[in-house]
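Worksheet for the structure shown next.
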Amino acid sequence: MDNFLIRGGKPLHGTVRISGAKNSALPVMAAALLTTEPVKLHNLPRVRDIITMGKLLAHMSAHVVTNEFPGTDYTIEAQTVSDAEAPYELVRTMRASILTLGPLVARLGKARVSLPGGCAIGARPVDLHLKALEKMGAVITTSHGYVEAAVPKNGRLKGAHIVFEKITVTGTENILMAAALAEGETILENSAREPEVTDLVELLRKMGAHIEGDGTSTLRIRGAEKLRGAEHSVIPDRIEAGTFLVAGAITGGDLLLTHCDAEHLGAVIEKLRQTGVRIDTDTPGQMRVRPAEKLVAADMTTEEYPGFATDMQAQYMALATQAEGASVITETIFENRFLHASEMMRMGANISIDGRRAVVRGPAALTGTTIIASDLRASASLVLAGLVAQGETLIDRVYHIDRGYEHIVEKLSDLGADIRRVHAPTS
Ligand code: UD1
């Protein structure tokens with residue numbers, strides 16, 4: 001298993017290229033299951049989750065071809081789908097495997113997908129995905145840890161009026177894909193408005209789907225009998241970009257981010273500016289971050305898009321440990337997403353947690369120690385804490401970060417960070 005060894009205290013300087021969005025890449029890859037023709041995808045991030053999704057699609061007999069391994073350009077051709085099953089071995093490493101459920105049921109009239117189960121940041125059920133598919137005519141059973149969906153009669157899903165009880169990103173994406181091949185019109189209310197949902201809509205439109213309302217909470221989809229192949233480049237990763245904004249700010253550096261989209265980061269940029277961090281977004285596709293003259297505390301609450309992303313909460317907490325005053329951080333999306341806080345406390349941060357609220361008092365002088373990464377974004381926040389801590393920080397279980405951050409060690413080293421990957425002997 002790999003660890004990261006960081007010697008903190010170096011301001012970061014230079015230019016960093018932001019990769020494609022993992023959370024866009026995963027649904028658009030799954031969307032390739034909706035057609036027999038090739039779907040060509042560009043700007044995919046070279047991260048483990050993309051490799052896992054590729055394996056999953058290949059398991060279903062799709063041809064998955066990439067320019068290099070791991071690559072940024074993929075062609076996926078699902079001429080035939082022989083096995084409508086997402087097995088546990090693959091799903092267990094990536095919850096987003098559930099994104100194959102909608103396309104499989106829509107195309108084949110049946111699917112068998114392992115239930116993702118719990119994960120470190122909360123229960124994360126998929127009940128809303130299943131209820132919506134049931135409304136579209138699928139019969140759903142769960143047994144032996146698998147969800148089985150079958151569409152009786154002609155095997156084709158029917159359009160339906162679905163009101164999500166709660167906003168769900170992958171739920172919206174799953175049902176969008178299912179509706180694109182369903183008979184008649186589907187209306188999705190209270191759907192997610194994340195840029196990644198809009199990116200998927202754009203691909204589905206290129207494939208021949210009729211969809212209105214993207215970017216709003218009501219989506220209208222007129223199902224097509226057949227969808228065609230298409231070519232699509234995924235949007236930049238707003239969470240990776242946000243993480244580098246914090247990296248620049250927390251180390252007192254000066255960074256230029258390229259190939260990014262500031263529009264997708266409105267709430268994060270506004271909050272960072274409130275703490276005093278200077279961010280320049282004048283040049284399209286770029287952002288420049290310079291440190292605050294004085295970093296001050298600011299309260300933050302996570303929300304669905306366009307609010308402050310839960311996927312940036314942990315990184316913001318790392319920054320808050322260095323700000324003067326008390327920052328109240330409220331997590332509204334996931335019930336157990338403060339696992340990074342206890343590791344930061346071991347590094348000397350002053351944080352108290354009460355349910356979904358954390359109070360961070362700063363500035364605290366962090367010191368390096370051995371810490372454990374619990375999930376993808378928590379890992380990123382611990383790297384940020386390590387970059388500002390005095391002495392050596394050893395982060396264990398960094399396989400989480402490899403799921404979603406492309407070449408993070410190389411990118412940070414190029415900016416002047418003292419960070420390296422060490423291969424720990426397996427015990
Ligand atoms: C997606 C993102 C993840 C991000 C999250 C919230 C991908 C691959 N992952 O995850 O990075 O943190 O959105 O922005 O895009 N819920 C239910 N029942 C359901 C579905 C969800 O109760 O059927 C609850 C969840 O437990 C959670 C909330 O709804 O409390 C939001 O979850 P959801 O938007 O579905 O997250 P994901 O799509 O899994």
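As a length-normalised measure over Cα pairs under 8 Å and 6 or more apart, the relative contact order of the chain settles at 21 percent. Other residues lying with their Cβ under 10 Å from the Cβ of V39 contribute a combined charge of 0, Lys and Arg counting +1, Asp and Glu -1.
Taking Rh as the Kirkwood radius computed over C-alpha pairs, what is the Stokes-Einstein D of the range 234-360 at 10 °C in a medium of viscosity 1.306 mPa s, expressed in µm² per second? Numbers along the way, then the final one.
Working: Rh = 14.6 Å.
Rounded, D is 109 µm²/s.
Sorted on the mean count of surrounding Cβ atoms within 10 Å across their residues, most packed first, peptides 187-193, 151-157, 176-182 read 176-182, 187-193, 151-157. At R0 = 30 Å, how high is the FRET efficiency between T216 and E293 if r is their beta carbon distance? Nearest 0.05 is fine. So the FRET efficiency works out to roughly 0.15.
If you restrict to DSSP beta bridges whose two residues both lie in the range 268-426, what percentage is antiparallel, to the nearest 5? Could the numbers behind the result be given before it?
Details: 14 of 22 bridges.
About 65 percent, rounded to the nearest 5.
If you restrict to DSSP beta bridges whose two residues both lie in the chain, what percentage is antiparallel, to the nearest 5? Restricted to the chain, the bridges split so that about 70 percent are antiparallel. Shape of the range 57-204 from its Cα gyration tensor (a ≥ b ≥ c, root eigenvalues): rounded if a/c is under 1.5, otherwise prolate when a/b > b/c, or oblate? Rounded, because the longest to shortest axis ratio a/c is under 1.5. Just so you know, the Cα atoms of the range 1-113 work out to an Rg and Dmax of 16.4, 56 Å. Determine the shape class of the chain: with a ≥ b ≥ c the square roots of the Cα gyration tensor eigenvalues, call it rounded for a/c under 1.5, and otherwise prolate if a/b is greater than b/c, oblate otherwise. Note, shape of the chain comes out prolate.
The calculated FRET efficiency for the pair N190 and H423, based on their C-beta separation and a Förster distance of 45 Å, comes to about 0.45.
Need one number: % antiparallel among DSSP beta bridges in the range 297-369, to the nearest 5. Don't skip to the end; give the middle numbers.
Details: 11 of 14 bridges.
Here the antiparallel bridges make up roughly 80 percent for the range 297-369.
Our note on the geometry: Cα centres of the range 149-206 and the range 226-280, 27 Å apart.
For D2, the residues 5 or more places off, or on other chains, whose built amide H falls under 5 Å of its own are V398, Y399, A424.
Can you divide the C-alpha Rg of the range 249-288 by 2.2 N^0.38 Å and report the result to two decimal places?
Numbers: Rg = 9.8 Å, N = 40, 2.2 N^0.38 = 8.9 Å.
Scaled against compact globular proteins, the figure is 1.10.
Read-outs: derived from the displayed coordinates by stated rules, not from any lab. Every value quoted in this text rests on a predicted model; they were computed, and no experiment measured them. Cβ coordinates were reconstructed from backbone atoms using ideal geometry, including for glycine residues, and neighbour counts include every protein chain displayed.
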